[in-house]
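Here is the structure we will look at.
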Ligand SMILES: [Cu+2]
């Protein structure tokens, strides 16, 4: 389980975009978004660096 903070994730649209990216990378991933704290928890076999890179490419830098 990875937990990332995505400061630019500000609304439901962002959640949809990020969800789409992560689901494309790993169709079996489980996602839990916490918009208030800008956190997303991800259950996946993918390495953290790959996810961070993919989100960064889409304009969502992670902390
Ligand atoms: Cu948004």
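Observations
- Taking the criterion of being farther than 19 Å from residue 49 by Cα, touching a helix residue (DSSP H, G or I) at 6+ places or on another chain (Cβ under 9 Å) and surrounded by fewer than 15 Cβ atoms within 10 Å (Cβ to Cβ), the residues of the stretch 1-21 that qualify are 10, 11, 12.
- Residue selection: residue 47 fails the criterion of being within 15 Å of the ligand (Cβ to nearest atom) and modelled with pLDDT of 95 or more.
- Taking the criterion of being within 12 Å of residue 4 (Cβ to Cβ), under 10 Å from the mean Cα position of the chain (by Cα) and exposed (fewer than 15 other Cβ atoms within 10 Å of the Cβ), the residues of the stretch 22-47 that qualify are 32, 41.
- Beta carbons closer than 8 Å, at least 6 apart along the sequence or on distinct chains, pair a first residue in the stretch 7-29 that is farther than 14 Å from residue 39 by Cβ with a second that is within 12 Å of the ligand (Cβ to nearest atom) and assigned to a helix (DSSP H, G or I) for 11/35; 12/35.
The values are calculated or read from the model by the stated rules, or taken from the named source; none is laboratory data. Since the structure is predicted, the reported quantities are computational estimates derived from the model, not experimental observations. Cβ atoms come from the backbone with ideal geometry, glycine included; neighbour counts cover every protein chain shown.
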